[in-house]
Each structure stands twice: as C-alpha cells, then as structure tokens.
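Enquirer: Got a structure for you, written out below as structure tokens; questions coming shortly.
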Amino acid sequence: MGIAVSPIQIDSCVSDFIGKPRKMLIDGKWVNAASGKTFPTYNPATGEVLAQVAEGDRADIDAAVKAARKAFDSGPWSRLTASERGKLVWKLADLLEQHLEEFATLETLDNGKPLTVARGADVPLAVDMFRYMAGWATKLEGTTIPISVPYTPGAQYHAYTLREPVGVVGQIIPWNFPLLMAAWKLAPALASGCTVVLKPAEQTPLTALRLGELIMEAGFPDGVVNIVPGYGETAGAALAAHDLVDKIAFTGSTEVGRLIVHAATGNLKKVSLELGGKSPNVVFQDADLDAAIAGSASAIFFNQGQCCCAGSRLYVERPVFDRVVEGVAAKAKKIRVGSGLEPDTSMGPLVSEEQLQRVCNYLDIGLSEGATALTGGKKVGGKGYFVEPTVLVNTKDNMRVVQEEIFGPVVTAIPFDDPEELMPRANDTVYGLAAGIWTRDISKAHRLASAMRAGTVWINCYNIFDAALPFGGYKQSGWGREMGKDALELYTQTKAVCTRL
Ligand code: ADP
C-alpha cells in the first residue's frame, strides 16, 4: 500500500513563511546564524525539503544568552509589574488564537500530524497554556513566618519570603508537539518573570519561529525571548553548558536528559527534565469494554504513537484479552494513514526518516523475539515516513519491545490474571511517566492508581491534558512537573528576608 498525496492549496501566509529562509530571534532582532549556515526542515509526508532555517551554534547561543541575561538583569522586563507581565502573556495567547489556522497548517507541514489534530488539540492547548499561566503572574506570593530564634532571647524579628524568578532559562524542546512544547516551556517562564533562550527541535523549528514573531508583536521587550534553532549536539549542548544560564528545562529522550544533567554541572544550573516513557495501560474485565478498546487504541495511536506518555504496554485481564486486543486491532485497521493535510487522515507520517528507521527496527526486533503482529508490522511503501499502526501479541515482559520506548504506533499486548500479579509487572520499567486503568470498580481503580509508580494515572480515560494539571515523571521519566502550579516551582526561587525590629 502506498500513500497518495494530492496537491493541497496552502494559505498564502503559510507559503510565504516557508518560502524564504527563516532567521533566528536574538535580542528582538531576526538574524542569520553567525556562521551563515542554514539547515533544511522536511515535510515528513513527502520527504521533501519544506524550508531552510538558520543553523544556530555556540556563537549564536552565546549571543542569545547574553541578550537574555541583559534583559533579565537590567532590561525593562524586570521593572514591569506582575500585572503587566501577565497581560503580555495573555496578549500572546490572543494573537496565537487569531492565527490558529495558520499555526495548525504549519505544524502539520513540519511535523506530519493530521491537521484536525493540530487544529483541535495542539494550537488550542497552547493558547490555553498561555492564558492559564498569564493568570499566575499576579499570584506568585511569599509568606510571613513567625520565627523564634532561640539564641537571641528577647529579640523580635519580622520574617517573610519572596518568590522570585530563577533568571535566564535555557529551554530545549522536542519535535512531537512542537508548538505545544514551546508553550509548556515559555508560559510559566514568562509568567514568573524569567527570560528565555529557546531551542526548538531541528526536525520541527517552524511554529516556534512563527511564535517568535507573535511574541515581538505582543510587545515583549527585546531579549526576553530568544529563539535559536539548530542541532542538539551543537546549539543544544552549548545552551545546556552555558555558564550564564541559571536553569535548563528539557523535554526529550532519557538518553539526552542524562547529557543535559552532565552539561549542567559546570555552573550547577537548575535542571528540569521531561523524558521518555513506556506506560502501562491496564484493562480489567469489569471495564466498559467499548470505551476501554477505543481509549486503548487512542492511547497508543494518537500522534502516530509519538507521545512520551503513549499507552504502549497494554495489559488485559485474561478472560477479555482476545476481545479487547482484537477490538484494538480492528480500530488500528480502520485508521486512515496519510498526509496530515488530507481531511480524512487520522494518522500522519512519523516525523523523520530516522524515526521511521527506529520504529521499523523495533518491529524487526519484536518479530525476531517471537512476537506476532495481529495487525500492521510494516513500513508503508512510497514517499514519506509512514508506518502501519501495529498491535503485537505473544509478547513477554522481558522482550525489548516491551521494555524500550519505541516512540511509534506500536502497542504490545499481554494478558494478566489478577491485580496482585499485575502491579509489579506494570511497574517493571525504568520509566514512570503515565499509566491507564480501565475498570468500573472505583476502589480497585484508586488502589491501583496509588500503587502505580507514574506521574500521571488516567482512570477510564487516556491522554487527558489540561494547563492546570501537572505532568511529569517518576523514576527515569524526569525531574519536576510541567503545567499546573507545580510548573511555577521550576521557574521561581524563594528568598527569605529577616528584619530585626
Ligand atoms: P529524539 O531522539 O526523539 O529526537 P532528543 O532527546 O534527541 O529526542 O531531542 C530532543 C531535543 O534535544 C531536541 O531539541 C534536540 O535537538 C535536543 N538535543 C539532542 N541532543 C542534545 C544534546 N547533546 N544536548 C542538548 N540538546 C540536545
């Protein structure tokens, strides 16, 4: 089966944007890379070059960090009131919303995801994130603390805390939700009063760069947000190691997360990490099985399986195993794989040739380990980076396809007999990002939610995200939480002030 890609009319503002080489944003100006180099970003539905982008490296990161430093230490940004800061973040949300269609198209072209998903999820969630965090700008408060100080008898003190921004933040984001990840990172940083150097993923830099234009249009002072596209080993590594950066926030693979931690040791900058996952999704025989089947299919196939929290290990109670797994396979067969711009596409291509190779390699490994593909199992022929949605059965807990993150539309299905036996198996992974539980037994659901070693547990639902709901990992899935008020902890620090009266 090959994918037919029909020519699609793209709005002129999008074709203008990709029609010329994109520059980087440093200190409020759009500039070429110091080296003059550019790199291509591809359309994963066709494998063709979509646009050329300035290739940031150490010198550009250095200029961007210095601009962010200046904006934080002495720029007008630090003198804005909390309310003025919040209004700017809110204005950015409004502008983004006004350009929803344009951003959705750009995201689909660069990442491959269905336009319906970019339009219905990525962009609105990004808008909501800016609005949610805009409200927090005026609510970052300290406390007054009665202190006793036993070694100064009779003395009185007035003690209080301030919550202050951490400073210059380096943010490195992945390619699976390019705009949304930029919003998850930028919104709490800006609401807190930090300044930022953002490095988008080399596979998908376009929506972050377009967002940079809206950031300037909203009226953020120069240097508050700098956007430097480039490769991980060069621009990303230089940002993670830079001595003038106070904090680094990273979303990506666990492997690169470790490199970030090492790079941060020079000046002991603060680090937050949102990393990989291999999330268990557990279906009990007492569940609403139709909902569990639909939810389990979407848990793995949403976004082509390129979600760190994908429900990639499906555990099903034995008496309903065949029904549930066949149900998920039937859903997989109905998925329409195609170019994200086609209106009836429900699964787009993987993001890159490299990612396609990685997923196909795992399919080979799984089959050679003895797994069987109930459906899917192969690359889709023709242009673009398409792979079939796949359900693997005859899998065992110790197989590589059950232990390692595939980051594609591949689920492994395994039966279990009782919850006592299941829980150690569900937790038997180095990761701990998310988990799903499908049952009508509410006390069982909450007992298991407590026993899951994961940062998010979804009960009778999956992939439910909200700007107010913290998200992040246990174990090797990360440090710190994105979204919700927990995210603000990562961008603020506490100062204690003590006065002798
Ligand atoms: P993936 O393997 O899925 O592409 P990565 O973890 O490699 O995910 O990439 C996530 C982000 O990390 C991207 O922006 C990438 O450029 C960046 N990155 C990759 N390697 C490094 C590195 N050594 N130092 C800093 N950033 C990096």
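The values are calculated or read from the model by the stated rules, or taken from the named source; none is laboratory data. Please read these numbers as outputs of a predicted model, since none were measured by experiment. Counting neighbours? That spans all protein chains shown, and the Cβs are built from the backbone with ideal geometry, glycine included. Protein only, heavy atoms only, side chains kept; ligands, DNA and RNA dropped before computing areas. Shrake-Rupley method; radii C 1.70, N 1.55, O 1.52, S 1.80 Å.
Enquirer: Through the Karplus equation 6.51 cos²θ - 1.76 cosθ + 1.60, θ set to phi - 60°, convert the phi angles of the stretch 114-120 into ³J(HN,Hα) values in whole Hz; use x for Gly and Pro.
Expert: x, 4, 4, 6, 4, 6, x
Enquirer: Per residue, how many Å² of accessible area does the stretch 266-391 show with a 1.4 Å probe?
Expert: Roughly 36 Å² per residue, with all protein chains present.
Enquirer: How much length would be gained if the chain were fully extended between residue 79 and residue 322, taking 0.36 nm per residue of separation minus their Cα-Cα distance, in nm to one decimal?
Expert: Full extension of this stretch gives 81.2 nm more.
Enquirer: Taking the Cβ of residue 284 as the center, what net charge do the other residues with Cβ under 11 Å away carry, scoring Lys and Arg +1 and Asp and Glu -1?
Expert: Here the charged neighbours net out to -2.
Enquirer: Can you compute the charge dipole magnitude of the chain about its Cα centre, using +1 on each Lys and Arg Cβ and -1 on each Asp and Glu Cβ, nothing else charged? Give it in debye, rounded to the nearest 20.
Expert: Here the size comes out at about 980 debye.
Enquirer: With a Förster radius of 51 Å, plug the Cβ-Cβ distance of residue 372 and residue 449 into 1/(1 + (r/R0)^6) and report the FRET value to the nearest 0.05.
Expert: 0.95
Enquirer: Sorted from largest down, give the three principal axis spans of the alpha carbons of the stretch 324-364, whole angstrom values.
Expert: So the three principal-axis extents are 30, 29, 9 Å.
Enquirer: Let me ask something else. Checking the a/c ratio against 1.5 first, then a/b against b/c, what shape does the Cα gyration tensor give for the stretch 32-131?
Expert: Verdict is oblate for the stretch 32-131.
Enquirer: Straight-line reach from residue 333: which lysines have Cα under 30 Å away, leaving out those fewer than 8 places along the same chain?
Expert: By straight Cα distance, residue 333 reaches 113, 278, 378, 379, 383, 396.
Enquirer: If you take every residue apart from residue 28 with its C-beta less than 14 Å away from the C-beta of residue 28, what net charge results, scoring Lys and Arg +1 and Asp and Glu -1?
Expert: Net charge in that neighbourhood comes out at 0.
Enquirer: Charges on Cβ only, +1 for Lys and Arg, -1 for Asp and Glu, centred on the Cα centroid of the stretch 75-182; of 95, 137, 161, which one is farthest towards the dipole's positive end?
Expert: Of 95, 137, 161, it is 161.
Enquirer: How far apart, in nm, are the 7 Å Cα→Cβ label points at residue 100 and residue 151?
Expert: Placing both labels 7 Å along Cα→Cβ, they lie 6.1 nm apart.
Enquirer: Over the chain, with every protein chain in place, what whole percent of the accessible area is carbon and sulfur at 1.4 Å, could you tell me?
Expert: 54 percent
Enquirer: Right, here's the next one. Please give the per residue accessible area of the stretch 403-501, computed with a probe of 1.4 Å over protein heavy atoms only, in Å².
Expert: Result: 45 Å² of accessible area for each residue.
Enquirer: So, for the stretch 70-206, what is the accessible surface per residue at a probe of 1.4 Å, expressed in square angstrom?
Expert: So the stretch 70-206 comes to 36 Å² accessible per residue, rounded to a whole number.
Enquirer: Also, I was wondering about something else. If the reach is capped at under 20 angstrom between alpha carbons, list the lysines near residue 269, excluding any in the same chain fewer than eight residues apart.
Expert: 66, 70, 185, 199, 247, 495
Enquirer: So, one more: Report the antiparallel proportion of the DSSP beta bridges in the chain as a percent, rounded to a multiple of 5.
Expert: 40 percent
Enquirer: A follow-up question, please. Take the alpha carbon gyration tensor of the chain, find the square roots of its eigenvalues, order them as a ≥ b ≥ c, and report rounded if a/c is under 1.5; if not, report prolate when a/b exceeds b/c, else oblate.
Expert: It comes out oblate by the Cα gyration axes.
Enquirer: Residues in the stretch 479-501 near a label at residue 158, defined as backbone nitrogen under 20 Å from the 7 Å Cα→Cβ point?
Expert: 495-501
Enquirer: Below 13 angstrom from the Cβ of residue 250, what's the summed charge of the other residues (Lys, Arg +1; Asp, Glu -1)?
Expert: +3
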